[in-house]
Number of protein chains: 4
Amino acid sequence: MSELQYQHFRSVLSGSECLSPASVYDPLSARIARSVGYTIGILAGSVASFSTLAAPDVCVMTLTELADQVRRIARATDLGLLVDADHGFGNALNVMRTVEELEHAGAAAISIEDTLLPQQFGNATKGEAVISCDEMIGKLRAALAARRRTEFVVAGRTSSLRTEGLDEAVRRVKAYAATGVDAIFVTGIQTLQQVEALSAAARCPMIISPAAKGEVLERATLAKCGVRVLLQGHQPISAAARALRQIYEGLFAGTPPSQLSGHTEAEGEMERLVQAAAFAERRRQFL
Amino acid sequence: MSELQYQHFRSVLSGSECLSPASVYDPLSARIARSVGYTIGILAGSVASFSTLAAPDVCVMTLTELADQVRRIARATDLGLLVDADHGFGNALNVMRTVEELEHAGAAAISIEDTLLPQQFGNATKGEAVISCDEMIGKLRAALAARRRTEFVVAGRTSSLRTEGLDEAVRRVKAYAATGVDAIFVTGIQTLQQVEALSAAARCPMIISPAAKGEVLERATLAKCGVRVLLQGHQPISAAARALRQIYEGLFAGTPPSQLSGHTEAEGEMERLVQAAAFAERRRQFL
Amino acid sequence: MSELQYQHFRSVLSGSECLSPASVYDPLSARIARSVGYTIGILAGSVASFSTLAAPDVCVMTLTELADQVRRIARATDLGLLVDADHGFGNALNVMRTVEELEHAGAAAISIEDTLLPQQFGNATKGEAVISCDEMIGKLRAALAARRRTEFVVAGRTSSLRTEGLDEAVRRVKAYAATGVDAIFVTGIQTLQQVEALSAAARCPMIISPAAKGEVLERATLAKCGVRVLLQGHQPISAAARALRQIYEGLFAGTPPSQLSGHTEAEGEMERLVQAAAFAERRRQFL
Amino acid sequence: MSELQYQHFRSVLSGSECLSPASVYDPLSARIARSVGYTIGILAGSVASFSTLAAPDVCVMTLTELADQVRRIARATDLGLLVDADHGFGNALNVMRTVEELEHAGAAAISIEDTLLPQQFGNATKGEAVISCDEMIGKLRAALAARRRTEFVVAGRTSSLRTEGLDEAVRRVKAYAATGVDAIFVTGIQTLQQVEALSAAARCPMIISPAAKGEVLERATLAKCGVRVLLQGHQPISAAARALRQIYEGLFAGTPPSQLSGHTEAEGEMERLVQAAAFAERRRQFL
C-alpha cells in the first residue's frame, strides 16, 4: 500500500483548511474521486453496508467484510481513506482487531464511536444511547495501542452531543482527547457555538458531521475553529443508484443501447479509469 | 441461496423468447436491476475486473475474487446470474474448481470459453487465439462433472468465429454441444446467417454476443433461431461512473450538496433499495 | 456442498445412541476424522480461534473468519459439522447473518448460546453471565427464521446451569425448546440428575458438555435420557500441537529428517489423505 | 505486520550460514516453530494446498487462497516467511498481482519458478517442463517491479537442472540473477559439484532443495558455496496428521480422553501458545 495515503490524510489534519472528503464505496468510485482531485475519502458505515451487502446501516456487516472493501479501495487508489469503524465491532479487544484489520487493509484513518451498538434487546422504541465515558476511554487507548504505525490516524467519535447535550459532549471530548487520539469526531453539530466549545475542549483536529437541520456553518469559520474535516453526506452512491435505475429501466423497456450513449462515460473513459494504458505498458515490458 | 436463481435462468433457456440480461456488478446494481423487472443478469469478466479491482479485462482477477463478488450479488438478489468465468482459470482441474466455487457462491450459470488465456508470452502483437477443440471438450466435460446440481447451467463459449471463421466455429459448436452443456455461447456474431448455421449445429439454447459492427439482428428472428440470451454490452457500470464523475466534480468544486439533489435518488429510495423496512420488521419480531 | 452433511447430523439427532463428534479445526483434521469413521464433527469456538488466529477464546474471531474456516472444512469432507457460533456475533439481527453465513459455508448445525458475550466493560473480575431468557428466545426465533433449509440444525445452548443453577436452567431449556429449535445444548453438566431434569424439560434431542469435575456419565444412560451428542473436549488440536513441537524441536536441533520418519505419516499416506488418486483420475479423464 | 519478518529473512540471506526454515502451514504451526527458535519459515505450495484445501499439489489453490493463509500466519508470528508462489499464477501480469497480494499478506520472501504450470492438456504422460528463459526473465523483472518495499525478497526458482541438465541450469541461473533478484532457488540438486557450478553462476544467495536421492550435502560446505537456505522437506504437517490419526482412532474406539493425556500438550501449553496471558493483560488495561 502506498504510504501516500497517510500523507494525504495527515496533511489535512495538520493543515489550516477545512476540507470535505469524497464519500467513496468501491474501487471505481475511489478512482473517480481521486481523478477529480480529492486526496481524502471516507467510507461511511452506512455506505459500506449498502455497497457490500445491500443492507441498511444496522451493524450487520462484519469487520472482515469492511476490511475487504477497504482493501479493494486501497489497492486501487492512494486516497487517504477515513473508515467509519462504528463502535469497533465489540469491546476493547474487538477494537484492537478492528485497528489491526483496517490498518492492514490500507485505511489511513478510522473512527471509533461511543454509540451503544448494535441495537440492544427490548429497546426498539428507545432512541440512540452512548456507552460510559470510561468504557470509551478504554476503547480509544486500546485502539492506539493496537496500531502498527503512528501515521495511522485514530479518531474518537462521539454521539453524545445528540444524546446527552453539549455539557456532557464537552466533558467526553476532553476525556477522549486526553487518550492521545489524533482527532475528535463529533456528529449532530447544530450551531457554531457548539463547534467552538467542543473544539476548545478537544485541542486537537476536529472532524464534524452537522445535523440535518442546523445553522449554516461556513467552511472558513470552521477552519478557524480547528475543524479540518467536514462531512457533507453520501450523495455519490445515491447518484450512482439513480443512474443505474435510469439505464436499467431504459434497457429493460427495450431502448437500444446506442440510444443511451448520452448516459454513459465517453468512449475510452472506462479504459482510462481502469488504467488500461499502464497495463499495456507492463505487457510491453514484461510479456 | 434461493433456488429461484436457477428457475429464473432455466426458464429463459427453456422458453421461446430471446432476452437480454441486466449487466450487473455488485449487490446494489443487481438489486436495482431486479427491481426494474429483470430476472436474469450477467457478470461479465471485464465488468467484474473493473468493479472489484479497478483493473482492465486482462485476467488479473482471481477465481476467489470473482466468487466473492458473485456471492455478494447472490446474497442480495435472486437474479439468475450468468457469470463469465473466462477460460476457467487454468486447465480442466481449474475449471472444476471454478464450477465448485461459482456454484457455491450462487451463480445460476457460468460460461467457460475456448480463448487462449491469459495472454501468452511474446505474442503481445499477435491477436486472440483459441485452444484446441479437444482441450476445450475436456474442460466442458470437467465442468459438467464438477457441478453439484444439475440445475446449474454450464455454457460452452467460443471465440472461434472471430479467430477461425464460420466453418471451424460450426465444427466446435457441434463438438461442444455434444459434451452435454446446457447452452452454447458465441461471441463476435456479425450476420444472421452465422446465427442460423451455429444454432443448427448446436441444437441447444444459444447465447450470443454480436460484434460491434455487424448486421442489425432482430430479437424475434433470433428467438426463432433458438437464441435465448442476447448480450447488449455493459452500459450500466459506465452510467454509474459517469454519474459519479459528475457528482464528485460538483462537490469538489464546492457546490453545496443541497443543490445536487436532482442528481441523486429521491428521498427514501436508498432505504427502499436496501430493504430497510424488512430489517425494521425483523427488529420488531426478534429484538 | 454434499447434502450428506445434513443426513449425517440429522440421523444422530433422530437416532437412539449418544455419540461424540470429532473435534476438528481444518480440512485435514476433518478429512482424517472422517477416514477414521466419524460422521459428525464439531468446530468449537475456542478451537476455531486457536486454528485461524492463534488467539484465545475471547470473541476476537469474526463471523466471516469462522465461516471461511467452516467452508474450508465443508469443501473437504461430508462430516455433519456442528459449529459453535457463540452468541451469534451480536443481537438477533447478527444471529440471522450468522445463520446465513454458516449455513452457506456448509455447516450442518450451529449452536447459539445465552452467555453474555463478548466480555463487558468493567467486569473483568466478575464471572460469566447470561442474557435474559426473552432476549435468547428472540435470538433463537431469529435463527430459525433465517435458515434456508429446514435440514439445517439450530441448537439453543445455555450456560445457565453454571451461572444460575438447575431451576433456572430447566426454565430456560423449556422456553428455548418451545421456539422450535432442533436441539438443546447444555454446558457444565455435573450430575445425571441434572441431565434427567433438563432432558425432561427439553423434550427434544440434547447435546451436552459435562463439567470438568462431575459425575462419570455413562453413554448408555445418557442415550436413554435423550442425549444424542456428548462433547468430550478438544484433544486433537492439542495432539497436533504436541507433535509439531516435537518435530520442530528435533529439526531445529539438527536431527536429520531421515531419523524422524517414525514421527510422520507412512509413505503415501499424505497423498491418500489429499485424495491424490482422484485428482490423477480427473487428469486422465479431462486433461 | 511487524517489519521483523523482513529482518529475519534478510539476515539469513546476508549471513554466512546455511539454515533450514521451519516448514509451516497455519498460525499454530508457525507459532510453535517460532517458539522453538526458528526465525525463518517456508510455506510450500504442496503444504499450502494440503492445509487449505486438503488437495494435492496440482495448482488448484488460488492466489487469494494462498494469500489468505499467508496473512493468517503473518498475523500470528514474525517468522520471515518464504512463500512458494509456484509460477506466479499465470503470466507476468499475474506475477505482479502475486507479489502485490503476498507482500501485502505479510510474506518476507517469495519464489517464482520456471516450471510450466499448470499441467498442459494432453501431456499427462509427459514429465515436467520449463518455460523459456526469456519468459522467465520477464516474470522476474515484473516481480521486482511490483514489490512495494525493497526489503521484500524475490527469489527466482528453477526446475531446469532436473529437466534440462546442468549446462542449461547454469545458463538460466546466470540470466535470472542478472534481473536483480535477491536469491536463486534451485530444486533437484544431486551433487556438490552442481551446487558449486550454480552458485558460481548466480553470484547471489542460494536456496536449494536437494533431490531425494543425491549426495549427502554438508551444511558447512553448502554455506561456503553461498547456499543460505537448505530445504529439508515438509515433515511437520505429516507429523501433525499422524498425531491426529492416532487420537481420532483412539477416541472413535471409545478410549476415554483422560487416557489420552500423554498424547496432547501439557496443561496450560495451548494457552501459552495462543498468548492467553497477553490477552488477559489487555483486558486488564482496556476492559
Exercise. Considering only the other residues whose Cβ falls under 11 Å of the Cβ of C:LEU287, what net charge follows from Lys and Arg at +1 and Asp and Glu at -1?
Worked result: +2
Problem set entry | Where D meets C: accessible area buried, both sides, 1.4 Å probe, Å² | 6100
Problem set entry | Backbone HN-Hα couplings from phi across segment A:78-95 [Karplus 6.51/-1.76/1.60, Hz, Gly and Pro as x] | 9, 3, x, 9, 8, 9, 6, 9, 6, 8, x, 6, x, 8, 4, 5, 5, 4
Problem set entry | Test item: B:90-102 mean partner chain Cβ contacts at 10 Å | 5
Exercise. Around D:ALA276, with a cut-off of 12 angstrom between Cβ atoms, what is the net charge of the other residues, counting Lys and Arg +1 and Asp and Glu -1?
Worked result: -1
Exercise. Given C-alpha coordinates of segment D:46-112, what is the ratio Rg to Rh with the Kirkwood estimate of Rh?
Worked result: 0.94
Exercise. Segment B:67-86: which residues show an accessible-area loss of 50 Å² or more, assembly versus chain alone, 1.4 Å probe?
Worked result: B:ARG71, B:ARG72, B:ARG75
Problem set entry | GNM top mover of A:GLN259, A:GLN246, A:GLN119 - chain A, alpha-carbon springs below 10 Å | A:GLN259
Problem set entry | Under Karplus coefficients 6.51, -1.76 and 1.60, residue-wise ³J(HN,Hα) of segment C:192-197 in Hz, glycine/proline x | 5, 4, 4, 4, 4, 5
For this session: Let me know the charge dipole size of chain A about its Cα centre in debye, to the nearest 20, where only the beta-carbon of Lys, Arg (+1) and Asp, Glu (-1) is charged.
Result: 460
For this session: Evaluate the charge dipole of segment A:216-287 about its Cα centre and quote only its size in Debye, nearest 20, assuming +1 on the Cβ of each Lys and Arg and -1 on the Cβ of each Asp and Glu.
Result: 380
Exercise. What is the Cα centroid distance between segment A:75-118 and segment C:115-190, reported in whole angstrom?
Worked result: 30
Problem set entry | Antiparallel %, DSSP beta bridges [both residues in chain D], to 5 | 5
Exercise. Which whole number gives the average, over all residues in B:43-55, of C-beta atoms from other chains lying within 10 Å of the residue C-beta?
Worked result: 4
For this session: Quick one: Debye curve from the alpha-carbon atoms of segment D:179-287 only, equal weights, vacuum; give me log10 I(q)/I(0) at q = 0.09, 0.10, 0.19 Å⁻¹ to two decimals.
Result: -0.53, -0.61, -0.91
Exercise. How many percent of DSSP beta bridges within the protein assembly as shown run antiparallel, rounded to 5?
Worked result: 5
Seminar exercise, completed: Spelling it out for B:GLY41: with amide H atoms placed in the peptide plane at 1.01 Å from N, the residues 5 or more places away or on another chain with amide H under 5 Å from its amide H are B:ALA22, B:GLY80, B:LEU81, B:LEU82
For this session: Calculate the mean, over all residues of peptide A:33-39, of how many other protein chain Cβ atoms lie within 10 angstrom of the residue's Cβ.
Result: 4
For this session: Could you please state, rounded to a whole Å, how far the C-alpha centre of segment B:263-287 is from the C-alpha centre of segment D:10-44?
Result: 51
For this session: Indicate the residues belonging to segment A:127-153 that lose 30 Å² or more of solvent-accessible heavy-atom surface (probe 1.4 Å) upon moving from the chain alone to the assembly of all protein chains, ignoring ligands and nucleic acids.
Result: A:GLU135, A:ARG141, A:ARG148
Problem set entry | Loop-located trypsin sites (Lys or Arg not before Pro) in segment C:211-265, at most 16 other Cβ atoms within 10 Å (DSSP) | C:LYS213
Problem set entry | Cα pair distances in chain C, grouped into 10 Å bins until the bin that holds the longest one, percent each | 6, 27, 34, 21, 9, 4, 0
Problem set entry | Surface share of carbon and sulfur [accessible, 1.4 angstrom probe, percent] for segment A:166-225 | 50
Seminar exercise, completed: Cα-based Rg then Dmax for the protein assembly as shown, in Å, read 29.8, 83
Problem set entry | Area of A:THR264 that stays accessible when all protein chains are in place (1.4 Å probe, Å², to 10) | 20
Seminar exercise, completed: As a percent rounded to 5, the proportion of antiparallel DSSP bridges among beta bridges in segment D:73-204 is 10
For this session: Enumerate by residue number the trypsin sites (Lys or Arg not before Pro) in segment A:129-182 meeting two conditions: DSSP loop (anything except H, G, I, E, B), and at most 14 other Cβ atoms within 10 Å of the site's Cβ.
Result: A:ARG148, A:ARG149
Problem set entry | Filtered chymotrypsin sites (Phe, Trp or Tyr not before Pro), segment C:1-50: DSSP coil and at most 10 other beta carbons within 10 Å | none
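Find out how many positive minus negative residues lie around C:GLU103, taking Lys and Arg as positive, Asp and Glu as negative, among other residues whose Cβ is under 10 Å from that of C:GLU103.
On the way: positive: C:ARG147, C:ARG148, C:ARG149; negative: C:GLU100, C:GLU101, C:GLU151.
The answer is 0.
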Exercise. Using the heavy atoms of the protein chains alone and a 1.4 angstrom probe, what is the accessible area of segment C:78-229 per residue in square angstrom?
Worked result: 36
Problem set entry | segment A:88-160, dipole about Cα centre (Lys/Arg Cβ +1, Asp/Glu Cβ -1), debye to the nearest 20 | 100
Seminar exercise, completed: Karplus ³J(HN,Hα) for segment B:130-143 (6.51 cos²θ - 1.76 cosθ + 1.60, θ = phi - 60°; Hz, whole; x = Gly/Pro) runs 10, 6, 5, 4, 5, 4, 5, 4, x, 5, 5, 5, 5, 4
Seminar exercise, completed: Interchain or sequence-distant (5+) residues whose placed amide H lies within less than 5 Å of the amide H of C:ARG157 are C:ILE112, C:GLU113, C:ASP114, C:PHE185
Exercise. Which residues' amide hydrogens lie under 5 Å from the amide hydrogen of B:ALA55, considering only partners 5 or more residues apart or on another chain, with H built in the peptide plane?
Worked result: B:PHE50
Exercise. Over all Cα pairs of segment D:1-114, how is the pair count split among 5 Å bins, expressed in % and running from 0 up to the last occupied bin?
Worked result: 2, 13, 24, 25, 19, 11, 4, 0
For this session: Determine the relative contact order of segment C:63-129: mean sequence separation of Cα pairs under 8 Å and six or more apart, normalised by residue count, in whole percent.
Result: 37
For this session: Using Cα pairs closer than 8 Å and at least 6 residues apart in sequence, work out the relative contact order for segment D:43-175, in percent.
Result: 23
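What's the ranking of D:267-273, B:268-274 by average number of surrounding C-beta atoms within 10 Å, highest first? Could you put the intermediate results ahead of the total?
Values: D:267-273: 15.0, B:268-274: 17.0.
Highest mean packing first, the order is B:268-274, D:267-273.
The values are calculated or read from the model by the stated rules, or taken from the named source; none is laboratory data. Here the structure is a predicted model, which means the values were calculated and not measured. Neighbour counts are summed over all protein chains in view; Cβ atoms, including those assigned to glycine, are modelled from backbone coordinates with ideal geometry. Surface accessibility is based on the protein's heavy atoms, side chains included, excluding ligands, DNA and RNA. Shrake-Rupley method; radii C 1.70, N 1.55, O 1.52, S 1.80 Å.
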